[in-house]
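Heads up, the thing below is written out as structure tokens.
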6 protein chains.
Amino acid sequence: MTARPISRYPVPSLDAMPEDMRARILEVQQKSGFVPNVFLALAHRPDEFRAFFAYHDALMLRESGLTKAEREMIVVATSGANDCVYCVVAHGAILRVYEKNPHIADQVATNYRKADISPRQKAMLAFAMKVALASGTIEDTDFEALRPHGFSDEDIWDIGAIAAFFALSNRMANMTAMRPNDEFYLLGRLPREKKA
Amino acid sequence: MTARPISRYPVPSLDAMPEDMRARILEVQQKSGFVPNVFLALAHRPDEFRAFFAYHDALMLRESGLTKAEREMIVVATSGANDCVYCVVAHGAILRVYEKNPHIADQVATNYRKADISPRQKAMLAFAMKVALASGTIEDTDFEALRPHGFSDEDIWDIGAIAAFFALSNRMANMTAMRPNDEFYLLGRLPREKKA
Amino acid sequence: MTARPISRYPVPSLDAMPEDMRARILEVQQKSGFVPNVFLALAHRPDEFRAFFAYHDALMLRESGLTKAEREMIVVATSGANDCVYCVVAHGAILRVYEKNPHIADQVATNYRKADISPRQKAMLAFAMKVALASGTIEDTDFEALRPHGFSDEDIWDIGAIAAFFALSNRMANMTAMRPNDEFYLLGRLPREKKA
Amino acid sequence: MTARPISRYPVPSLDAMPEDMRARILEVQQKSGFVPNVFLALAHRPDEFRAFFAYHDALMLRESGLTKAEREMIVVATSGANDCVYCVVAHGAILRVYEKNPHIADQVATNYRKADISPRQKAMLAFAMKVALASGTIEDTDFEALRPHGFSDEDIWDIGAIAAFFALSNRMANMTAMRPNDEFYLLGRLPREKKA
Amino acid sequence: MTARPISRYPVPSLDAMPEDMRARILEVQQKSGFVPNVFLALAHRPDEFRAFFAYHDALMLRESGLTKAEREMIVVATSGANDCVYCVVAHGAILRVYEKNPHIADQVATNYRKADISPRQKAMLAFAMKVALASGTIEDTDFEALRPHGFSDEDIWDIGAIAAFFALSNRMANMTAMRPNDEFYLLGRLPREKKA
Amino acid sequence: MTARPISRYPVPSLDAMPEDMRARILEVQQKSGFVPNVFLALAHRPDEFRAFFAYHDALMLRESGLTKAEREMIVVATSGANDCVYCVVAHGAILRVYEKNPHIADQVATNYRKADISPRQKAMLAFAMKVALASGTIEDTDFEALRPHGFSDEDIWDIGAIAAFFALSNRMANMTAMRPNDEFYLLGRLPREKKA
């Protein structure tokens, strides 16, 4: 099952990559146990690779009023709406791990309205979906709907910016036919001792 | 996690059900090890319950040019398009089991065009999606597009009828907020020895 | 005009049908004066035929807070939205007869918002259309919007289940190119004495 | 049933209208036996009334490669797509009369692909629907698709211009909640002797 | 750049036109300094030409609670939504001139929600867009939403009728591939002395 | 007209920015004569600012089979589809300057099918629009449609990646209500001597 190509485009070998990219990838591999294919597929274009991951980290690793799990919810919900297999599978895994909930990703990817999440999180995803699917219609009232849930303006920027960044990411994955690693499918689905 | 309601509507206890329904449910329980919530949620209306499962069996158990796994692909793809958490999770599990492929359901539910399936199966799902989403536009050319893949007219009826039946099923699940059993999420994701 | 096929699929003769199906059809014929083509077209698949009409009767004949005419309004409105000629023409006729109103079906099929129906009935059809066209977005607020109009939870089930069942029915009719009987077009359009 | 208002806006009496408008309306009344409500509803704005009917006549009465019935098919199909009760009911009646076919209007209004019309007429309606619903996407290939059916460039102008004019008409009828006359519903549905 | 055809259809010369049309066109030419191509393209069909401009003038020149600039805003916003290059460019120019604002047309054509216009004007455009894009869903509440902004029922007719008329106009321009005059692009973009 | 805020979010002063960002902005100012507001609005989040412009430059400044003007066409067409005033106005200006064509941006933003561009460029924009609006449906046939126009696989990556990057950019601009600088509106619209 794993001999299938991971991208419509050529994928460079680790050896052939610039040192900074190789270092980044090896670091991920060490932490995760494997190299997510997005690193390999985007390495075809080093400058875009660097900008992509710098942007990703700026949004996903910064201090925020959103937990890391909440940020992954945004990714999973909007990637589902964009029919992006790579992002649903890969970020679904990360969401399960962060949230320590083996069911949440399948729910959020299919229909966040039916997911086991809080009203605050549903309001967050409603805004994120609007940014993803109809950003031209965002008005002040959309901001106002988030404030009673305790979201600050900076939190709202985070929600919208993550939806916007994965609008880019989903389109790159769909265009390149990026293939999720087999490892993602099971990640976070088993009780802790089995993961060890 | 399991105390959440499985339906917006009251769910009868097994004891309170008519004998034929209880028998059917106990049979499923014995085979699967648990009772899928669709049986309990729809038991609220016995006559509809009986018709629903008679229809389901007529389509999903009959002799057909489609394998059982292919029929589940139709369910999973169209249920994804209809944002139906119950059907994606439950039938995704069945698809994984039938196909002995732990990755296929997540792919098909998100975007069948990117799934590890044959061109014949992609043509099948393209027709099923048209029945699900724009049945008024089906024309003779849609039938003709399937024949080079070896589908007979009876096979095409099966494809369309399954998409049509799950148009009903998805709407019932969405309206009642039907909740998938926890058991489905992991089913078919592990190598065989772990399932034992 | 009547030599045109009533289905893309073969239609069995009454003689060739199983006894229970023939009996059902003869009963309809006696009551209506003709055999609606849906009985003949679906007879191509006896098990599906039986389940289909069992489901139909469970919803359309049961005791309900909805009148029979209101149930047909749901059929006509959602079938119009699904571009289903068979269901609009056949159930439009039934709606006219039940409601003793020769104009209502054309109004409801085209735009229920402009039909000569009550605010309660417009609210009913708004919910039915949401089940038909965007069931994944149904939320508790949709249920709450119906209660001031006097709809019980069981009534709401009926509304949604009828919309769901005809989601199936419309798709089968569209896929098989089911042709409405000529008789339906005029039914319920004339003052009573002319119908005799 | 007839005391309902025919427009959201005031409707002038015949006496109060300018002479040219009254003459036009009386002429229609003499020919049809009643005054179609569009004449009364639009009389609220005399200059628009005059331009509207001048435009209508320029398209619907001119010499053309399209029969008058074909022109009404365009009206009925696009008005169905625009959910316009007035135009579907009124022009449906005219179509039945011109085509001497009691079934055609209900078919064309619901789904022209399933109507008892020629392939040439289906091609005509496909173009008309594109003008009605997605005119920005019309390209030379759309013109080329019509020529093998024998449509000249002037015929194609007629098709598109009728679809365009009823884009206006449907919107006016929807905005004003224009009500079809009761007379239209039955017109053209009965064999000739009954109409007398 | 100007040798490109201004229509898919033949364009008559001024000499060959009926006297009333030539007079009208010469009057426009004198006022504007050039003949807008819509006059030439529609002159292919004299009767439609006359009705079109009569309708246009009835709406755009009448006394109204809407300023002439506001009426052009409706044209520009709905023409943008209909992807009509001719109307966006030509009426964008007129809007800039009337409003003495070189930026407004580009804003309104792209997204009126972000334009430098008043809340009253945004409400006006929201109604106009609903007439343009989903007129079947207009209900009394849409009228009620406009009244607090001071719009009378006659003003609302103007808003809707202009949106409806340009639904026609946009479709004619798209079908004929009507080309905007080069002159329109710069009109109203420069401070007054440069225009002289 | 210029006292209006350029973003829903606070905009830092040049003095308060990190040195690298200030340097970048001053460089742009020197080249363009003003600071495009996107630099100021995104400076609210320095890390995202750096990644955004690194990504932008990686795509828009690299060697490519696409001219710089063609890359701006992609931006303008997809930004129009996304109703993004900032990007249509700002990149429309850049497109006019690069292409030395004062009309092209308004055409491409409204409807690229009607723009004065080559068949090759229309094919390019058709692919870009599919990435922007329906990336999940991209298939091998979409790549194949571009090759007869001389696009290499690397060119196609550029087309898709630019559409993907501006999917992000449009959403950020829409969410923050980013306001285009007044300077952009006239840029590239005048013969060269007037620009001096």
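Assess whether A:A132 counts as being within 14 Å of chain F (Cβ to nearest Cβ) and in contact with a helix residue (DSSP H, G or I) (Cβ under 7 Å, 6 or more places away or on another chain). It is true that A:A132 is within 14 Å of chain F (Cβ to nearest Cβ) and in contact with a helix residue (DSSP H, G or I) (Cβ under 7 Å, 6 or more places away or on another chain). When the criteria are applied in full, F:Q107 fails the requirement of being part of a helix (DSSP H, G or I) and surrounded by fewer than 22 Cβ atoms within 10 Å (Cβ to Cβ). In the stretch F:1-20, is there at least one residue being touching a Phe, Trp or Tyr at 6+ places or on another chain (Cβ under 7 Å) and without any contact (Cβ under 8 Å) to a residue 60 or more places away in the chain? No, the conditions are met nowhere in the stretch F:1-20. Could you tell me whether the stretch B:64-74 includes any residue that is of a type in the set (D, E), within 16 Å of the chain's Cα centre (by Cα) and closer than 24 Å to A:V108 by Cβ? For the stretch B:64-74, residues of a type in the set (D, E), within 16 Å of the chain's Cα centre (by Cα) and closer than 24 Å to A:V108 by Cβ: present. On the given criteria, is E:A41 under 16 Å from the mean Cα position of the chain (by Cα) and under 14 Å from E:M172 (Cα atoms)? Yes.
Return yes or no: is C:Y55 of a type in the set (S, T, Y) and closer than 19 Å to C:N181 by Cβ? For C:Y55, the condition - of a type in the set (S, T, Y) and closer than 19 Å to C:N181 by Cβ - is not met.
Residues checked against (1) surrounded by 22 or more Cβ atoms within 10 Å (Cβ to Cβ); (2) at the interface with chain C (Cβ under 9 Å from one of its Cβ atoms); (3) among the polar types (S, T, N, Q); (4) at negative phi:
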| position | (1), (2), (3), (4) |
| --- | --- |
| B:A128 | yes, no, no, yes |
| B:R147 | no, no, no, yes |
| B:M172 | yes, yes, no, yes |
| B:L186 | no, no, no, yes |
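For the stretch B:155-169, the criterion of being modelled with pLDDT of 95 or more, at the interface with chain C (Cβ under 10 Å from one of its Cβ atoms) and not in a helix (DSSP H, G or I) is satisfied by no residue at all. Summed over the stretch B:133-176, the residues that are under 23 Å from D:A115 (Cα atoms) and among the acidic types (D, E) give a count of 5.
Given the options F:F151, F:F143, name the one that is of a type in the set (F, W, Y), crowded, with 16+ Cβ neighbours inside 10 Å and facing another protein chain (nearest Cβ under 9 Å). The conditions single out F:F143. Selection of the stretch E:22-52 for residues being without any contact (Cβ under 8 Å) to a residue 60 or more places away in the chain and either surrounded by 19 or more Cβ atoms within 10 Å (Cβ to Cβ) or on the phi > 0 side of the Ramachandran plot (or both) yields E:I25, E:F39, E:L40, E:A43, E:R45, E:E48, E:F49, E:R50, E:A51. From the set of residues in the stretch D:60-100 that are among the aliphatic types (A, V, I, L, M), touching a residue at least 12 places away in the same chain (Cβ under 8 Å) and surrounded by fewer than 24 Cβ atoms within 10 Å (Cβ to Cβ), which is nearest to the other protein chains (Cβ to nearest Cβ)? Ranking the candidates gives D:A81 first.
With respect to the conditions (1) in a helix (DSSP H, G or I); (2) more than 12 Å from chain C (Cβ to nearest Cβ), B:L190 falls short on a single one, namely (1).
Per-residue answers, yes or no, for (1) farther than 23 Å from B:F52 by Cβ; (2) among the aliphatic types (A, V, I, L, M); (3) assigned to a helix (DSSP H, G or I):
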site: C:P102; (1), (2), (3): yes, no, no
site: C:L146; (1), (2), (3): yes, yes, yes
site: C:M172; (1), (2), (3): no, yes, yes
site: C:M178; (1), (2), (3): no, yes, no
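The single condition among (1) closer than 12 Å to F:I74 by Cβ; (2) away from chain A (no Cβ under 14 Å); (3) surrounded by fewer than 21 Cβ atoms within 10 Å (Cβ to Cβ) that F:Q121 does not meet is (3). Among the residues of the stretch A:130-140, just one is crowded, with 21+ Cβ neighbours inside 10 Å, in a helix (DSSP H, G or I) and β-branched (V, I, T), namely A:V131.
Just give me the residues in the stretch E:40-55 being at the interface with chain D (Cβ under 8 Å from one of its Cβ atoms) and in a helix (DSSP H, G or I), in sequence order.
Correct list: E:D47, E:E48, E:R50, E:A51, E:F52, E:A54, E:Y55.
Cβ-Cβ contacts under 6 Å between residues 6 or more apart (or on different chains), taken from a first residue in the stretch B:158-171 that is more than 17 Å from B:Y86 (Cβ to Cβ) and hydrophobic (A, V, I, L, M, F, W, C) to a second residue that is modelled with pLDDT of 95 or more and outside any helix (DSSP H, G or I), are absent.
The values are calculated or read from the model by the stated rules, or taken from the named source; none is laboratory data. Predicted model only: the values in this text are computed from it and were never measured. We place every Cβ from the backbone using ideal geometry, glycine too, and count neighbours over all the protein chains shown.
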